[in-house]
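**Student:** Structure incoming, see below.
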Amino acid sequence: MEILSADQVEAIHQASLKILRDIGIRVESETALKLLKDLRAEVDNSSKHVRFEPDLVEEMIRGLPEEFTIHARNPSKTVTMGRNSIVFATVCGPSFVTDLDRGRRAGTQQDMENFVKLSGSLNVFHHEGGSGLEPLDLPPETRHFEMMRAQITLTDKGWQPCWMNTGERARDCIEMAKIALQTDDEGLRQKPAIVGGVNTNSPLLFDEGQADGMREFALAGQPVHITPFTLAGAMAPATVAGAVTLQNAEVLGCIALTQAAAPGSPTFYGHFTSNVDMRSGSPAFGTPEYAQSVIMSGQLARRYRLPFRSSSTTASACVDLQAVYESDMSIHACIQAHVNNVMHAGGWLEGGLTCSFEKLILDAELLQMQSAFLEPVIVNEDSLGLEAIEEVGAGGHYFGAAHTLERYQNAFYEPILSDWRNFESWRDDGSRTALQRANSIWKMLLREYEKPPIDPAIEEELQAYITRRKEEIKTKGA
C-alpha cells in the first residue's frame, strides 16, 4: 500500500538531506567521529556535530544489499530478509513480565528462558527476536551472556541480540555466534547469523554505545537496522510528515556511519515513529498515525532499495480489547507496508515495558491469520467446484458432498486460540475467555517443549567463553 505520491516521497527525501546538511547529527563516539571525518563529512569535534553534504549521503546509500540471509543453527530455519519476504520476530527489551497467574513483575532468568522456549515452539515466529525480556535478577553488566546462551541453546532459529548498547557487548554476541555455528570471522561474514538493531536518541543524537555497537556489527558483516525512536509531539514535530522526515534524516545519517566502518555492509531501514497523547505526554502505539508512518516509511525504504524493519505495538497495560485492536492495527499496517522484519510481533505490551505470555499466544493467532490471508487464492476447474454445485443442487448442503469430503481436513484456516463452537458447547466447557485459553496454551507448550539438538561440545565452548568473559568484566570493574 502507498499513501504518498512519488513527489511527496521525494519531498521528504530532500527535506531529510537539508536537515543533514544544515543541522546535522550529534555523534558521541570518538571512533565514529573519526570514521565520519575520513568519509569527508563535516565534523566539529568540540560539539560532536556531524553534517553531511547531500552528494555524500546519496553515495553512501547507493548499491547496498537489497536482501540478506540470516543463517540459523538449524538450516531449515534460515530466513531471508528483504525484497519479497516478511519475517515475524518476537519481542525484545521489556524489563517486566506478566501472566494471568502472577501478574506484572520484574523479569527473571526463568521467565526469559521460558519465553525463548515458547518463541521457539510457535512456528509463526520465524526469528527469535531478542529473548523476550530483561532478566533483572542477573547483573546488568553480564546478563547479555545468559540471554544469548538461551537464544542459542533453547531454540534453533536465528536470533537478534537486544544489547547493542556497547561495542564490547556487540563483540560478545559476535563471538558467541561464531561458537554456535562453529565458524570464524570470515565464515560469519559470508553467512550472517545475527541481526543487530540500534535506536538513535531522537532528535538528532546518536550515543557512544550504540554507535560503537553498530560499528562492530558492520565490521563483522552482520546486518544492522537503524531505527530512530521518534514520537511526534515530543521527540519530533507534531505531524506525521514531520516525524517521518526527522526519522528519515537520522536513518540516512547513521547508514553513512555503517558504510564508513565497512563499505557495502548490510543494513536496513528501521521505523519506529508514533505519537504521544497530547493530554498526558504518554507514548501512544497502534494509532492511525503509527499505521500511516509505517506505510510512509515502507515507501521510503523502497526508494532506497533497502530491507525494511518495523514493529507490532500497543500501549495497553494488560491483554484486553485495546491490546487486540492496537496490535491488529500495527500488524495490518506492517503487512500493507510490506515490512521485511516485523519486530516485537509476539508478546509486546504496555508500550514495550512489559512482555506477556498470554499476549504471545494472541499475537501468534493474529500473525497466523495474516499469513493465511497472504496465501494466494487458487482459481482452477477443481477449486471452482462446479461438480459439487451440480451434485448438491438447490436447497441442499455440502457437508456430505464428495468435493467437501476430499478437503474438509485442511480446507480452511485452523486457529490456535479462537473458539468457534456454539454458546452451549462453550458454556458447558467452562465459559473460558480467549485470555484464559491463551494462558492454558502457553503452559501446554512449555510442558511439551523439547530442547532442540545441540552438540554438547558447542555448549561447553559457550560456557568456557562466558566464564572467561565474566571474569574479565569482574576484574575490569574491581
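**Student:** Which one of GLU459, GLU424, GLU450 is closer than 30 Å to GLN182 by Cβ, assigned to a helix (DSSP H, G or I) and at pLDDT 95 or above?
**Tutor:** On the way: GLU424 fails: closer than 30 Å to GLN182 by Cβ; GLU450 fails: assigned to a helix (DSSP H, G or I).
Result of the check over GLU459, GLU424, GLU450: GLU459.
Residue-by-condition table, conditions (1) surrounded by 13 or more Cβ atoms within 10 Å (Cβ to Cβ); (2) over 30 Å from THR155 (Cα atoms):
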residue	(1), (2)
ASN380	no, yes
HIS403	yes, yes
ASN410	no, no
ASN422	no, yes
MET444	no, no
PRO453	no, no
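**Student:** Anything in segment 120-155 that is within 23 Å of SER312 (Cα to Cα), of a type outside the set (Phe, Trp, Tyr) and part of a loop (DSSP other than H, G, I, E, B)? List them, or say none.
**Tutor:** Listed by number, the residues that qualify are LEU122, ASN123, VAL124, HIS126, GLY129, GLY130, SER131, GLY132, LEU133, GLU134, PRO135, THR155.
**Student:** Something else about it: I need the full set of residues from segment 310-336 which are among the hydrophobic types (A, V, I, L, M, F, W, C) and more than 20 Å from GLU67 (Cα to Cα), in order please.
**Tutor:** If we filter segment 310-336 for residues that are among the hydrophobic types (A, V, I, L, M, F, W, C), which is where we start, we get 315, 317-319, 321, 323-324, 329, 331, 333-335.
Across segment 310-336, the qualifying residues are ALA315, ALA317, CYS318, VAL319, LEU321, ALA323, VAL324, MET329, ILE331, ALA333.
**Student:** Of everything in segment 57-87, what is in a loop (DSSP other than H, G, I, E, B) and of a type in the set (A, V, I, L, M)? Give them in sequence order.
**Tutor:** Pass one, segment 57-87, residues in a loop (DSSP other than H, G, I, E, B): 62-66, 71-74, 78, 83-86.
Residues satisfying the conditions are LEU64, ALA72, ILE86.
**Student:** Ok, one more. For segment 17-35, which residues satisfy the criterion of being in contact with a Gly (Cβ under 9 Å, 6 or more places away or on another chain) and not in a loop (DSSP other than H, G, I, E, B)?
**Tutor:** In the first step, residues of segment 17-35 are kept if they are in contact with a Gly (Cβ under 9 Å, 6 or more places away or on another chain); the result is 19-20, 24-25, 27-29, 31.
If the condition is that a residue be in contact with a Gly (Cβ under 9 Å, 6 or more places away or on another chain) and not in a loop (DSSP other than H, G, I, E, B), then ILE19, LEU20, ILE25, VAL27, THR31 are the ones that fit.
**Student:** Restrict the check to segment 35-50 and report whether at least one residue is under 30 Å from GLU358 (Cβ atoms), crowded, with 20+ Cβ neighbours inside 10 Å and in contact with a strand residue (DSSP E or B) (Cβ under 6 Å, 6 or more places away or on another chain). Steps first, answer last, please.
**Tutor:** First, pick out the residues of segment 35-50 that are under 30 Å from GLU358 (Cβ atoms): none.
No, the conditions are met nowhere in segment 35-50.
**Student:** Does ARG437 fit the bill of being part of a loop (DSSP other than H, G, I, E, B), surrounded by 12 or more Cβ atoms within 10 Å (Cβ to Cβ) and out of contact with any Lys or Arg (no Cβ under 6 Å at 6 or more places or on another chain)? Show your work before the answer.
**Tutor:** Working: part of a loop (DSSP other than H, G, I, E, B): no; surrounded by 12 or more Cβ atoms within 10 Å (Cβ to Cβ): yes; out of contact with any Lys or Arg (no Cβ under 6 Å at 6 or more places or on another chain): yes.
In short, no.
**Student:** OK, next. Could you grab me the full set of residues in segment 184-202 that are touching a helix residue (DSSP H, G or I) at 6+ places or on another chain (Cβ under 6 Å) and part of a loop (DSSP other than H, G, I, E, B)? Give the derivation first.
**Tutor:** So the first thing to find is which residues in segment 184-202 are touching a helix residue (DSSP H, G or I) at 6+ places or on another chain (Cβ under 6 Å), and the list is 188, 193-194, 196, 198, 200.
Those that are touching a helix residue (DSSP H, G or I) at 6+ places or on another chain (Cβ under 6 Å) and part of a loop (DSSP other than H, G, I, E, B): ALA193, THR200.
**Student:** Just wondering, is there one or more residues in segment 337-355 that are closer than 25 Å to GLU66 by Cβ and in a helix (DSSP H, G or I)?
**Tutor:** Taking segment 337-355 first, the residues closer than 25 Å to GLU66 by Cβ are 337-345.
Subsequent filtering for residues that are in a helix (DSSP H, G or I) retains 337.
The answer is yes, given that some residue of segment 337-355 is closer than 25 Å to GLU66 by Cβ and in a helix (DSSP H, G or I).
**Student:** Working only within segment 163-182, note down all residues that are crowded, with 23+ Cβ neighbours inside 10 Å and outside any helix (DSSP H, G or I).
**Tutor:** TRP163, MET164
**Student:** Ok, one more. Tell me, which residue of segment 88-102 that is in contact (Cβ under 8 Å) with a residue 60 or more places away in the chain and in a loop (DSSP other than H, G, I, E, B) is nearest to SER371 (Cα to Cα)? Write out each step before concluding.
**Tutor:** Going through segment 88-102, the residues in contact (Cβ under 8 Å) with a residue 60 or more places away in the chain turn out to be 88-101.
When the remaining residues are screened for being in a loop (DSSP other than H, G, I, E, B), the result is 90-95, 100-101.
Values: THR90: 16, VAL91: 19, CYS92: 22, GLY93: 25, PRO94: 26, SER95: 30, LEU100: 27, ASP101: 30 Å.
Taking the candidates together, the pick is THR90.
**Student:** Any idea which of ALA291, ALA243 is at pLDDT 95 or above, buried (at least 20 other Cβ atoms within 10 Å of the Cβ), aliphatic (A, V, I, L, M) and farther than 19 Å from VAL342 by Cα? Please lay out each step first, then the result.
**Tutor:** Numbers: ALA291 fails: farther than 19 Å from VAL342 by Cα.
Unique residue meeting the criteria: ALA243.
The values are calculated or read from the model by the stated rules, or taken from the named source; none is laboratory data. Model, not experiment: these values are computed from the prediction. Heads up, the Cβs are rebuilt from the backbone with ideal geometry, glycines too, and the neighbour counts pull from every protein chain shown.
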